[in-house]
Each structure stands twice: as structure tokens, then as C-alpha cells.
1. Which count do you get for residues in the stretch A:141-177 that are assigned to a helix (DSSP H, G or I), closer than 27 Å to A:Glu28 by Cα and not aliphatic (A, V, I, L, M)?
2. How many residues, within the stretch D:127-149, are within 13 Å of chain C (Cβ to nearest Cβ) and within 21 Å of D:Asn13 (Cα to Cα)?
3. Looking only at the stretch D:52-75, decide whether some residue is farther than 26 Å from D:Ala184 by Cβ, modelled with pLDDT of 95 or more and touching a strand residue (DSSP E or B) at 6+ places or on another chain (Cβ under 6 Å).
4. Given the conditions (1) of a type in the set (S, T, N, Q); (2) farther than 18 Å from D:Ala166 by Cβ; (3) without any contact (Cβ under 8 Å) to a residue 40 or more places away in the chain, and given that A:Gln134 satisfies all but one, which numbered condition is not satisfied?
5. Does C:Gly152 satisfy being more than 14 Å from chain D (Cβ to nearest Cβ) and surrounded by 20 or more Cβ atoms within 10 Å (Cβ to Cβ)?
6. Could you identify the single residue in A:Val77, A:Val114 that is farther than 20 Å from D:Pro130 by Cβ and surrounded by 18 or more Cβ atoms within 10 Å (Cβ to Cβ)?
7. Name every residue in the stretch D:69-112 that is more than 28 Å from C:Pro40 (Cβ to Cβ) and in contact (Cβ under 8 Å) with a residue 60 or more places away in the chain, in order of residue number.
8. Quick one: in the stretch B:1-26, of everything that is of a type outside the set (S, T, N, Q) and in a helix (DSSP H, G or I), which residue is farthest from the other protein chains (Cβ to nearest Cβ)?
There are 4 protein chains.
Amino acid sequence: MTIMAFYGSIRDNGNSERLADIALQDLEVTKVFLKDYHIPPISDWNQAKPLHAEKDDYPSLIRKQMLADIILFVTPVYWYGLSSLLKLYIDRWSETLRDPSLPDFKEKMKGKEVHLITVGGDYPYVKALPMIQQMQFICDFLQMTFGSYIIGKGDKKGEVLTDKNALHAAGNLNKYFKSQLQKA
Amino acid sequence: MTIMAFYGSIRDNGNSERLADIALQDLEVTKVFLKDYHIPPISDWNQAKPLHAEKDDYPSLIRKQMLADIILFVTPVYWYGLSSLLKLYIDRWSETLRDPSLPDFKEKMKGKEVHLITVGGDYPYVKALPMIQQMQFICDFLQMTFGSYIIGKGDKKGEVLTDKNALHAAGNLNKYFKSQLQKA
Amino acid sequence: MTIMAFYGSIRDNGNSERLADIALQDLEVTKVFLKDYHIPPISDWNQAKPLHAEKDDYPSLIRKQMLADIILFVTPVYWYGLSSLLKLYIDRWSETLRDPSLPDFKEKMKGKEVHLITVGGDYPYVKALPMIQQMQFICDFLQMTFGSYIIGKGDKKGEVLTDKNALHAAGNLNKYFKSQLQKA
Amino acid sequence: MTIMAFYGSIRDNGNSERLADIALQDLEVTKVFLKDYHIPPISDWNQAKPLHAEKDDYPSLIRKQMLADIILFVTPVYWYGLSSLLKLYIDRWSETLRDPSLPDFKEKMKGKEVHLITVGGDYPYVKALPMIQQMQFICDFLQMTFGSYIIGKGDKKGEVLTDKNALHAAGNLNKYFKSQLQKA
């Protein structure tokens, strides 16, 4: 049973990361801070030409993701949606769906458990809901289970630590992750 | 009265572009195909260091956008949301909000009219709705008017041209744009 | 191939009815104006007592509905949702799900096609979207197909007749209904 | 500082009521179990005829509501929306908006604080979101503040008491209500 966490923030120690720290406490997790990777935009997948001449960290990341059992997305609410760093990473999945070297991508993703932790400053409990609904559709498409989400409120650094409901939910998610790891 | 259109697709002549062609027929429009521009990810806006050493097309685009009266976003539905190319462009607005060289960004955006054309293959009439709701929040934040949106259905190239309702709505949007330009 | 239309408005000839008239032109349709029926609130379905001593038009309506192939819901946007008349009719389905005299309710509903026509006065293109999303979940639960929806704008009587996109979509829905009836 | 709670369930001691009990513990609250009141459907508000000849509990309820500072809606998720009992109560507000004997309805509602507690059995964390979005629009229309919502999971009687996040959030809401009452 392995957990892989993808972070969409462009900040270090931002609010979404802080909240995820609670959910991941004392757990062995592969953490991917997307800002530290070089991921070029998707290419036109209908064209036969070589896709990315430039450095591209995506292929190794997606291979690791395919081996994880639980995927945790951690993203600030940027403009009422997933951060573009995280959205780009997900958009690249469209390439993998057509990648002959990874023919079992869809099969491998099926049944994985997805969790989402997000923090926003502008009434996120309502204004992040489209992001939640989008994530459900993403999970449906790949037949993944959308296990849970936590929406926290925070603008200034560390402010999410005053959102008691979010902290409590993150603590419960931590217990859940631990119970899953013990089962395995 | 000027119209500026931003295209989020990574394809040439994709379905969303085809639908937008109808809405923009016989109009003078500044078209920005985001895939042809180099837009680096947002940087941590709380850090004082110089932001982008690398080539960055964003600054000139945002300056043009501030002069437009109507903004048209044209994007495929990628993973049930805005394409990451377009989302990145919008995420960069967060930098502009803090850019001392553009102190009137918010003031200039206020009152602009935003329209959205999007095409998806997987029941987009329902599954693109979170994107519409997100766009409303984006417009609310900058006090822009969300004038209209068109959701078309299409997967293979040109398939959207069989979506009669979408074609008709694009035709009506074209008439509307023309009437606005004549007023001005 | 039979069509059954349920109207949730409390007005005669209101905007949603006017828009539905176009979609149903020259078609044989069973029209149910819910305001003309007496439908008592749902009862506690966990209690064994006789449910409705008072007059109740629901049982005969639900039996007719089970025979229809296509269900069209026509409702104004009241307080950003289905009218309570229509919502009550749907809530009563929970009783039918437990009604031993109709053991095949779920089986009969499966595969039916649902369409929704709604008209609202306060930016319904965005503010009626939660209603659309709700209807999708309703259809999913009973494994019905959510065929299409039309959102029209109108406040004063007849105002929807100026919403060109909605009129056009209603015309196309009419053509679709006719083609379905011919197939059968 | 007064709190008024409206219950939309047709059951006694259902899950949503149990969750609300925690939020309202040790507080003086006017509780309205809508199933115990007789509220006829809305009438056509454009007609001059006398509205409700039959018994109608609505007028006295709405007068009490206008005096409350905080409104708590407590409803099961019925068919992915507000219960029809509660939706009917809200639909009747349209009459009050035109009621010459209550000319200050809108003014009195402005600034009130609304909270929502809902419990559903079918993945409510995602499938109740349209209800949350609808409630936001309702609050916006009357310029009320949508203070908070709690979504609990529960199907069988009492099952919500195993939803730790919901229980915790209800406990925090209780603390918040108490702090507000002390302020006043």
C-alpha cells in the first residue's frame, strides 16, 4: 500500500501543504512538489512527430503514479480551480492514454483511491466546489474512487491552521491512511 | 470596442477553435493562440527576487488584454476543466495583481465582458458545468461581466459542426459582437 | 414511443410552458400540470401505518410515468431550483421505491430518457446549473439517460420568446422527439 | 440574538435532526418541524384573487423568521436536493416578496446569517454540492450571509453519528452559535 502526493502550489510551506502535513504525519509518502519539476505543455496528440525534445520530468512521474495505491492531490485554490501546475500534470495524462509504451495506464489507474486537499482564501467552502465536482468527473473517467476531499480556508501563510474543521478532517484522514497501510 | 480571444487548445483547428470561428466571423479580433507563446509557470509572489529570467510572453499579452473591451476564452474541455495552457495564463494574473508596474490592473479589468466557448467529447453539457461555475467566480472576483458561454460537443476533428445548438448559439454571439462593435 | 411531460409551474402559460410548447409542437404528449393535482407530502416511509388517508393523485401519475419512454420535466427556476411542486412529485418516488405493489419501479425507470426545460429570470444560464447537476444525479440513481436540457431566460410572461438560443434548442428538441417517435 | 431552525425531514429523529441536535445543544432555539405544519403550495402570484382559503401555517412562520438573526436549515438530501417540504417553504417566500402587508421582508432578511445542515446516504459530499450552490444563490438574492454548511453521511437511523468530520463540525458550529449569543 503506497501513497503518492502531488503538490500544486508554487509556494513552499503554503497553506495547502501545511494541511496536507497533518494528513500525512508519520506516513511514508512519495511527495512530488510539481514546482520543482520541469513539465512542458501537452503536445498535439494527433501528430506523429516526436513529442518533447526538451527535458521532461513527466514520464518518470507518471510511471511512479501508476504504482501507487492512493493518490493525494494537494493544491491551493487558484482562480477557483486546480493550480495550473497540477492541471498541466493531469492534462499530460491525455498523452499517456495514447502512449504505446504504457498500454496499461487506464487499467492501472482503475480502482485507485484519490483524495484532494485544497485551501483557498475567498470563501473556498463554496467557491472551491466546482473543483471538487471536476475531480469527481476525473475520477469517474478513469474509474478511480474519489475517497475524500478537505477544503480549508486560508490566505496568509499558516492561516489554515485556524480552520478547526479542516484540521480535524486532516487528522481523520491521517488515521484513515494509517489504517489502510496497516491492512496492507 | 475591441475583442481579444485567447485559445487554450494545443491543437490547430480543433473543435473549440472551429466553433469560435463562427462567433468571430467577419470581425476584427486579436487572436492569441496560447500554444504559440512561451508562458512560464507562476512564481512565488511573496518572494522579492526577480521573477522570470527566461523568456516570458505573458507581460506583453496582459498589457494587450487590459486594453480590450471584450475577452473571449476558447478552450477544449480537458479533464473537465479549462486547458492548462489557459489556466496558466489566468494563474499568472495573480502576479499582475501584485505588479507595481501595472497598478491599475484590477481597475482596468472591472466591467470587461467575458465570453467562453468550450467543446468537449464526454457529455460536456453536464461535465463542463464546473468550468462554467469557475468562470463565474473568476469574473466576480474582477467585477467582470460573464456575458455568455457556449458548450459544444465534439471529439473528433470538426465534430462540433454537427452540434446544431452550439452552432446556432455561436451565430447569435457573432451577431451580438457585431452589434456591440457598431455601437462603439 | 410515448412522451410524458410534467409541469412544475404554478402559473398558466408561464415561460417554461411556452418554451415547452415549442419542443412538443405537433406531438402527442401526456401533459401533467402538477398544480392541478393533489399530491400530499411524502410520509415517513419507515412507518407501517397507511400512508395517505387524504385524496392523492400521485399513485395514478406514477403508474402512467412508468409506461412512458421519454419524460420531460418543465419547471421554472424557483429559488434556484426545481419548483417545489415538481420536487414533491419526485420526492414521492422514494415511497414508490418501497411500494410492494410496484416492485418493478426501478426496473421500469431504467433506461428512460429524461429531458429538462427550465426558465428563470436571474441569470439562469449560471444560476440554474445546480438544478442541472441535481437532475444528472437523479438520472444516475435510476439509471435513466439525461438526454438534454434547455435553460431559457425570462421573467415577465412570454419573455422567454426573446431568448433565441433557447427557442432554437426547443425547436431542435422537437425535431428530435419527432424522429424518435417515427423510429418507434 | 435569536436562532430559528427549520427542519425539512419527514422523519422524527432522522439523521439530519440528530446532527442538528449537536449544533444546537444547550441553546434556546425556535425549532420548526415543517412536517408538523400545513403549508399549501404557492399560488399564482400574478392573480388578484384571495390566495389560500384553506388553513395555512406559512404566514405566522414567515413573521417569526423575519425576527430571527440566524436561520438554520436542517434537511435530508432527498433526490440530491432540499426536501420538498423545505423547498415549498422557501418557494412561498416569493409570495411574501409581493405581500403588501409585509413590505419590509427583503429589508429584514438582508444581513441574516444562514447555516445549512444536511445528511444524505449516497456520497453526499459530492452529490449534495448542487444543494450548497443553490443555497448560496438563495442567500445572495436576499443579501443574506451563507455562514456555513455541514454535509453528513447517513442512511439508516443514527448512522450520521459515525461521521466524525460532520460531528466535529457540528460541535464547532455549536461553539460558534454560543459565542454569537454571548456577544448579543
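The values are calculated or read from the model by the stated rules, or taken from the named source; none is laboratory data. As the structure is a prediction and not an experimental result, all values here were calculated from the model. Neighbour counts run over all protein chains shown; Cβ positions are idealised from the backbone, glycine included.
1. Initially, the stretch A:141-177 is screened for residues assigned to a helix (DSSP H, G or I), giving A:141, A:159-162, A:164-177.
In the following step, the residues that additionally are closer than 27 Å to A:Glu28 by Cα were identified as A:159-162, A:164-177.
If we keep only those that are not aliphatic (A, V, I, L, M) too, we end up with A:159, A:162, A:164-165, A:168, A:171-172, A:174-177.
Result for the stretch A:141-177: 11.
2. Residues of the stretch D:127-149 within 13 Å of chain C (Cβ to nearest Cβ): D:127-142, D:144, D:146.
Then drop every residue that is not within 21 Å of D:Asn13 (Cα to Cα), which leaves D:128.
Residues that pass the stated criteria total 1.
3. Taking every residue of the stretch D:52-75 in turn, at least one turns out to be farther than 26 Å from D:Ala184 by Cβ, modelled with pLDDT of 95 or more and touching a strand residue (DSSP E or B) at 6+ places or on another chain (Cβ under 6 Å).
4. Unmet condition: (3).
5. Working: more than 14 Å from chain D (Cβ to nearest Cβ): yes; surrounded by 20 or more Cβ atoms within 10 Å (Cβ to Cβ): yes.
Yes: the conditions hold for C:Gly152.
6. Working: A:Val77 fails: farther than 20 Å from D:Pro130 by Cβ.
After ruling out the rest, the residue left standing is A:Val114.
7. Result: D:Asp69, D:Ile70.
8. Initial filter on the stretch B:1-26 (of a type outside the set (S, T, N, Q)): B:1, B:3-8, B:10-12, B:14, B:17-24, B:26.
Those left that are additionally in a helix (DSSP H, G or I): B:17-23.
Values: B:Glu17: 12, B:Arg18: 15, B:Leu19: 14, B:Ala20: 16, B:Asp21: 18, B:Ile22: 13, B:Ala23: 12 Å.
The extreme case among them is B:Asp21.
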